[in-house]
Amino acid sequence: MTNVIEADGLHRTYSGGFEAVNGISFAVPRGEIFALLGTNGAGKTSTVELLEGLARPTAGTVRVLGHDPYTERTAVRPRIGVMLQEGGFPSELTVAETVRMWAGCTTGARPAGEALEMVGMAGRAKVRIKQLSGGERRRLDLALALLGRPEVLFLDEPSTGLDAEGRRDTWELVRRLRDGGTTVLLTTHYLEEAETLADRLAIMHKGRIVTSGTPAEVTAERPARIRFRLPEGVGAERLPLGLRAAADGPRVEIRTHELQDALGALLAWAAEKGVRLDALDARSASLEEAFLEIASRADDPTGFRTDTASASRTPDSRTADLEEIR
Ligand SMILES: Nc1ncnc2c1ncn2[C@@H]1O[C@H](COP(=O)(O)OP(=O)(O)OP(=O)(O)O)[C@@H](O)[C@H]1O
């Protein structure tokens, strides 16, 4: 499969000497939605700007559609669509005028009405920019990014400021574009967005990629969780040995990399002993849990793991992991 975006050993150091991007590498094949996640200030926007050709990396290489997006800007720019974190529009123009103005600078632009239709803004064509809500401005930003029928779409926090319905509409649109062959790289703070939308993702922290893979791969590295309440008079120490659990009074939590085995053992024990497990809840790790764990672990210099190290961690298959109830 052809890689449409390739970043290799990227560094970006700002003029004061601050290293915002610290040696990251990844590749995005054609027709994939790739999400860059990260803590505030992790370096996502700094990275995306390098991919968009808005800045030159301090070290390392970027290829977009086989070209250097900075030095070969004229070859790359007509084939990409960019939605920046904050678009600046003349506030007195109407939505339609803004789109037409933008279309005038775009080769092979879609008709203005079509671009507005795609983002659900056709009914707002005559409204002045200054009268738009924050969410409507985001939709307009997206319409402008789509004007040139881009092969590669860069979306920096596309659904920030959108309500739940607007977010779902945007996800639908991004999926349709992907299904039509567009490659999409997006940054987001919404973990649900990354989990449901991204084919693959990378989590950044302090300029580095800490982990990457499909959403399922990233969460699979984290233990699943079983929670329940034991009846009065039944202590957690009576649970089967393999299921040593953290208990806070009657509330018990088991963390395990083998959810099916652990749950099976727990239910068999409860049935045999006639113990009722109240509020029983078993679930795989969510991306949010993975993210929070990565962020807190990466803050601890002794606990920092690189991508390779965390990927090669082998879960203990027989014993459930024990963790304190938080
Ligand atoms: N022009 C600049 N000069 C110096 N430092 C900068 C500059 N632009 C960004 N930074 C710093 O680089 C780091 C990374 O910023 P960046 O905007 O890339 O992070 P981000 O992951 O997009 O953050 P957020 O999620 O908060 O938008 C931050 O610490 C930021 O303060």
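Structure data summary
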| read-out | value |
| --- | --- |
| Translational D in µm²/s for region 222-285 (Stokes-Einstein at 20 °C, 1.002 mPa s, Kirkwood Rh from C-alpha pairs) | 184 |
| Likely footprinting exposure, Leu241, Leu266, Leu191, fewest C-beta neighbours within 10 Å first | Leu241, Leu191, Leu266 |
| Distance cut-off 26 Å, percentage of C-alpha pairs in region 1-137 lying past it | 38 |
| Cα-based Kirkwood hydrodynamic radius, the chain, one decimal, Å | 22.1 |
| Glu86-Ser133 pseudo-label distance in nm [points 7 Å out on the Cα-to-Cβ vector] | 2.1 |
| Paramagnetic reach from Glu114 (point 7 Å along Cα→Cβ, amide N under 17 Å) across region 61-89 | 79-81 |
| Nitroxide proxy distance, nm - points 7 Å out along Cα→Cβ at Asp248 and Glu72 | 5.6 |
| Sites Trp269 and Met101 - FRET efficiency at Förster radius 56 Å, r taken between beta-carbons, to 0.05 | 0.20 |
| Protection proxy ranking, peptides 90-102, 125-137, 147-159, average beta carbon neighbours within 10 Å, highest first | 147-159, 90-102, 125-137 |
| Residue-span extension gain [Arg238 to Asn40] - 0.36 nm each, minus C-alpha spacing | 66.9 nm |
| Taking all pairs of distinct alpha-carbon atoms in region 100-244, Kirkwood radius in angstrom | 18.4 |
| Calculated [θ] (222 nm, deg cm²/dmol) that DSSP helices of n ≥ 4 give over the chain, each run adding -39,500 (n - 2.57) | -9000 deg cm²/dmol |
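Here, each number is a calculation from the coordinates, and none is a lab measurement. Small disclaimer: the values here were computed from a predicted structure and weren't measured. We place every Cβ from the backbone using ideal geometry, glycine too, and count neighbours over all the protein chains shown.
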